[in-house]
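Read through the structure below, which is laid out as structure tokens, and then see the notes.
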Amino acid sequence: MTRIPFGPTYDEMLHPERLDPSLRSQALFALRQNELDPLNLFNITWKNSDNQVRKVVLPPALTGVDANIVVMLGYGFPSGSHKVGPAYSTLMEGLVDGEIIPGVHTILGPSTGNFGIGTAYISNLLGFKAIVIMPDNMSKERYERIQKYGGELELTPGSESDVILTLERTHEMMKNPAYKALAQFELFPNYRFHRHVTGNSAIEAVQGVGNGRVAAFVSAPGSAGTLAAGDQIKAVFPEAKIGALEPYECSTLANGGRGQHRIEGIGDKMCTLIHNVLTTDFIILIRDEETIQGLKVFRDGVEVLTRMGVDRDFALSIRDWFGPSGICNILGAIKIAKFLRLGPGDNVVTVATDGFDRYHSVIEDLDRRYLETAPFVLERWAKDIFLGADDQLVFDVRRADKKERLFQQKEKDWLKFGYSIDFLNAMREAGFWEEQYAKVKVYNEKIAASRQKD
């Protein structure tokens with residue numbers, strides 16, 4: 001098995017077609033044959049083997065709106081989720097800066113699942129020991145995948161809504177100089193990956209769809225990394241609107257709510273450090289049970305969807321492409337399309353972070369909680385959840401006073417972790433974020449130079 005110490009640049013993750021053809025071919029072979037071959041680092045991209053963005057355009061028979069709902073598909077990334085991208089970027093930036101040293105440091109990955117899986121996976125490929133700090137009430141498939149990649153688990157009490165405890169545990173462990181954290185909620189490689197790679201891939205995804213422009217981009221923030229794609233989308237399409245989705249049961253950004261919910265990977269009771277609230281236009285609430293019911297419809301409702309007018313082959317194809325957060329993002333896309341009164345030709349873009357492979361136990365739990373999930377029940381759910389999605393619970397946060405509340409939430413969340421008020425205030429200016437993004441060019445050069453040196 002080939003051992004390589006360095007992987008792709010940001011530009012190469014965005015444009016794998018620009019890799020040396022031999023390397024691209026070897027990487028694609030490794031993706032099919034051995035997911036633990038380090039050559040898979042060069043498969044960290046939204047592009048498929050034909051160098052096209054992995055996406056699906058959902059039919060109006062499913063969404064109930066005329067606008068195109070374009071979903072970028074994360075299941076095709078190595079490890080099965082796009083979270084592997086920011087995990088790689090954070091570790092790689094630390095390597096080329098000399099802050100993370102092979103043979104010296106153990107990698108920490110605070111997460112509720114997918115980022116932890118990505119941390120364990122990337123650490124394995126680059127020869128590091130990884131410890132994933134996460135709540136103890138997530139889907140069992142997530143724990144199993146982390147351990148499959150050689151990661152150790154450090155569990156904190158609670159579930160998705162208790163991620164603050166994982167941050168506290170991470171910061172405590174970071175006092176040991178042997179540990180280096182891929183701190184997704186606060187380190188800017190996460191922002192850079194999604195703004196550059198996800199954002200530009202989203203722009204490419206709408207080429208040839210509708211009017212070829214992005215009217216809106218929505219994503220449910222866990223770390224809020226994916227929302228950074230909206231910054232790049234707005235740079236190209238200034239009229240585009242950006243929506244942050246939250247669980248109705250844990251509406252921290254919308255109104256300070258801090259309840260429990262079941263949408264794994266999102267809604268973490270905070271405004272993360274890397275969330276650029278300047279570019280967030282709307283906060284949209286999604287009921288957690290609808291994401292699980294919607295996942296059940298996608299998984300087991302092929303006949304139901306077919307009767308609704310969805311092509312049968314299409315209904316079969318999507319069974320494995322989504323998890324609960326992907327369903328959440330679809331519902332958010334439908335809601336913003338209705339709220340903005342978008343019509344034929346308009347495009348709403350969102351992402352599906354992962355696929356169904358890590359949610360069998362979630363569906364098993366749903367089946368235990370309901371007396372019956374017969375086809376007529378799935379049909380009612382499909383019509384109520386997707387076709388019946390309304391434009392309520394959409395909060396407009398474009399006004400200065402609304403932004404101020406989000407900035408204050410960020411101060412409340414991050415001053416206690418040692419960040420200064422001056423640093424947090426700097427985030428109130430667009431220039432701060434442009435400076436962070438400009439570092440993509442710097443790290444492109446550093447990664448390429450390190451790879452050549454070896």
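Laboratory data are not the source of any read-out in this text; all were calculated from the coordinates shown. From a predicted model like this one, the values you see are computed outputs, not experimental measurements. Note that each Cβ is placed from the backbone with ideal geometry, even for glycine, and that neighbours are counted across all protein chains shown.
Figures for the structure shown
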| quantity | calculated |
| --- | --- |
| R0 of 22 Å, Cβ-Cβ distance residue 380-residue 66: FRET efficiency to nearest 0.05 | 0.40 |
| Ascending count of other beta-carbon atoms within 10 Å, so fewest first, for 96, 218 | 96, 218 |
| Relative contact order computed over the stretch 1-43 (Cα-Cα under 8 Å; 6+ residues apart), in percent | 52 |
| Spacing of the two label points (7 Å from each Cα toward its C-beta) at residue 153 and residue 408, in nm | 4.0 |
| Relative packing of peptides 165-172, 345-352 - highest average C-beta neighbours within 10 Å first | 345-352, 165-172 |
| Pairwise FRET efficiency - residue 448 versus residue 372, Cβ, R0 = 51 Å, nearest 0.05 | 0.30 |
| Antiparallel bridges, percent of DSSP beta bridges restricted to the chain (to nearest 5) | 25 |
| The chain: relative contact order as a whole-number percent, Cα under 8 Å and 6+ apart | 19 |
| Length released on extending from residue 391 to residue 176, taking residue separation times 0.36 nm less the Cα-Cα span | 72.6 nm |
| Derived scalar couplings ³J(HN,Hα) [the stretch 119-126; Karplus, 6.51 cos²θ - 1.76 cosθ + 1.60; whole Hz; x for Gly, Pro] | 4, 4, 5, 5, 4, 4, 5, 9 |
| Residues of the stretch 428-454 with amide N under 16 Å of the 7 Å Cα→Cβ point at residue 101 | none |
| Interchain or long-range residues, amide H under 5 Å from residue 246's placed H | 284, 285, 286 |
| Karplus-derived 3J(HN,Hα), 6.51/-1.76/1.60, for each residue of the stretch 354-359, Hz, glycine and proline x | 8, x, 6, 4, 9, 9 |
| From phi via Karplus (6.51, -1.76, 1.60), per-residue ³J(HN,Hα) for the stretch 413-426 in Hz, x at Gly/Pro | 7, 10, 4, 6, 9, x, 7, 7, 5, 5, 5, 5, 5, 4 |
| Long-range amide H partners of residue 131 with built H, under 5 Å | 107, 108, 109, 152 |
| Added length on full extension, which subtracts the Cα-Cα distance from 0.36 nm per residue, residue 140 to residue 425 | 98.6 nm |
| Sequence-distant lysines (8 or more away, or on other chains) whose Cα lies within less than 23 Å of residue 55 | 47, 83, 234, 241, 296, 335, 338 |
| Inter-label distance for residue 435 and residue 50, nm, one decimal - labels placed 7 Å from Cα along Cα-to-Cβ | 4.4 |
| 222 nm mean residue ellipticity, helices alone, for the chain (DSSP H n ≥ 4; -39,500 (n - 2.57); rounded to 500) | -12500 deg cm²/dmol |
| FRET efficiency for residue 260 and residue 18, using Cβ-Cβ distance with R0 set to 30 Å, rounded to 0.05 | 0.10 |
